[in-house]
1. Counting just the Cα atoms, what span does the chain cover along each of its three principal axes? Round to the nearest Å and put the largest first.
2. Can you give me the long-range amide H partners of LEU67? Hydrogens built in the peptide plane at 1.01 Å from N, cutoff under 5 Å, separation of 5 or more residues or another chain.
3. If neighbour count is taken as other Cβ atoms inside 10 Å, put HIS496, HIS153, HIS233 in order from fewest to most.
4. Can you check what the net charge comes to around THR286, using other residues whose Cβ is under 14 Å from the Cβ of THR286 (Lys, Arg +1; Asp, Glu -1)?
5. Using 0.36 nm times the number of residues separating ILE60 and TRP185, minus their current alpha carbon distance, what extension gain do you get?
6. Would you please give the FRET efficiency between LEU478 and THR296, computed as 1/(1 + (r/R0)^6) with r the Cβ-Cβ distance and R0 = 25 Å, to the nearest 0.05?
7. Starting with the fewest neighbours, write out ASP194, ASP131 ranked by other beta-carbon atoms found within 10 Å of each beta-carbon.
8. Using a 10 Å cut-off around each Cβ, can you sort SER145, SER186, SER99 from fewest to most neighbouring Cβ atoms?
Amino acid sequence: MIEDAPAARSALLLAMPAACAGAALAMAVLRPSVPAAWTIVRIASAAALAAAVLSFGTFIMAGAAVLPTASSAPLRVDTAGAVALLLVAFVGWVIAGYSRRCLEGEPGQVRYAGWLMATLAGVGGVVLANDLLALAACWMLASASLQRLLLFHGERPAARIAAHKKRVANRLSELCLFAAIGILWSTLGTLRIDAILAHPALADPAGVGAAVQVAMVLVVLAALLKCALLPFHGWLIQVMEAPTPVSALLHAGVVNLGGFVLIRLGGLLDAVPAAQALLVVAGTATAVLAALVMTTRISIKVSLAWSTCAQMGFMLMQVGLGAYAMALLHLVAHSLYKAHAFLSAGDGVQRTAALALANRPAPEGMARALAAALGAAALMAAAQYAWASLFDLPSAIDPVQWALAAVACIVLAPLLAGPARGVLAQPVLLLSACAVALVHAGLHASGSAWLPARPDEGSLLPWFLAAIVLCAFAALYLLQAAIRSSPRGALARRLHPWFYAGLFLDERVTQAGFAAWPLHDTRSRT
């Protein structure tokens, strides 16, 4: 870390959340007209993006730093923070521009603009904070502001129910987070992230006290709740009453914050095996089950919501395995993809209708699916060997690397097993599969230079966690292949009602949550 960096760099970092917070304050104090409000939003979002671009350039040139702006609340910029700040500013700029067109003629646009800017300010604060208490406060601001956006159509019962379920999940998450902060303060005597990660108590993972381990498990539970992992996913699936840009903001930005916080606290997570195991088990289960449920959905937005649930599970699984660079890459790719998917949902409906009218390909058999999986595994192994030879990487087998490579084979297999239409179709698909394998292996090989993976200390835990991931995704691939080979068979008919209902997990959690915290039928002023 570079201590005592110039004050100009601190000001540049603060410019992104400050511009958004200033715009939100202007909405609340000045109560401008609708055209003036959108002008303020456009200027603030453009200024935030410009500041994020300059800050990212400064990071590339000067490296990571802890930048004191006050003795108790310094800023932190590192690889994860620099990338995330640029991502948040860019996605916020795009959504702000889209919102003006999407909400044209709607009442309450000024309030919407204010809460949108407040949400972006809160997310920016989480990205920059080097103090756990400041991080928690900014996370609460982002969640509370997003809650107002989700109730933009607060007169609709479905919107109020989904928002209430999110409120319950948020309160439980914040309870876990503040309990963890209290334990870390009483045990380590500091809440500064740089001081926590450099604390002597973490030098020997075997000597980490029970209190620190409990605190990290609580942080993981907070992230699981915030990222809407099963069985706390119901609100994420049911917030479709909100305007489309709000859905894009939620799925492309706010819901990813749990993964970002865990990446930033990776040094603490490395010392707590129980937290690693919890992340891998919960993330893998969510990714597999949500992927199966997603295949039963017809609605474009609902299918995208289940996709987000699966992607959050996969990202947190990567964090649990210690593949922090791949998790950050996944966060960025998912955010950009999901923002585009929601903002172009109308085009998605047209594409789905066109596919429904097209001739359906013949079901692929199990033999073809297994052959495609073996071919994908061979391609991935060749790509891994090529990068290892090119960069003279260690020859020792890394269970995490090969587990993630095996999961990537599930992506490659459909390219090799898909029906080839035309003379050039099959070579193009094969070249695409080779390119995906090379890119995946290359990113994994080079990512450790920016975000080092968890150090290998000879423990059997990485092998055990990798085995869980391999078995789960192998079962997912085989089950999907069996269903595709006989889409009207007995297995598909038996499983479809259960997966279409999401295994009835949300109903049980909703009953328990509403019994403990009932929803009062009051209309939102938002």
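1. Projected onto the principal axes, the Cα atoms of the chain cover 65, 56, 48 Å.
2. The answer is LEU75, ARG76, VAL77.
3. Details: HIS496 14, HIS153 17, HIS233 28.
Least crowded to most crowded, the residues run HIS496, HIS153, HIS233.
4. On the way: positive: LYS226; negative: ASP506.
With Lys, Arg at +1 and Asp, Glu at -1, the net is 0.
5. Extending this stretch completely gives an extra 41.7 nm.
6. Working: r = 18 Å, r/R0 = 0.72.
That gives a FRET efficiency of 0.90.
7. Lowest count first: ASP194, ASP131.
8. Least to most surrounded, the residues fall as SER186, SER145, SER99.
Every number here is computed from the coordinates shown, using simple stated rules; none is lab data. Remember, it's a predicted structure, so these values are computed and weren't measured experimentally. Every residue, glycine among them, receives a Cβ derived from its backbone with ideal geometry; neighbour counts consider all protein chains shown.
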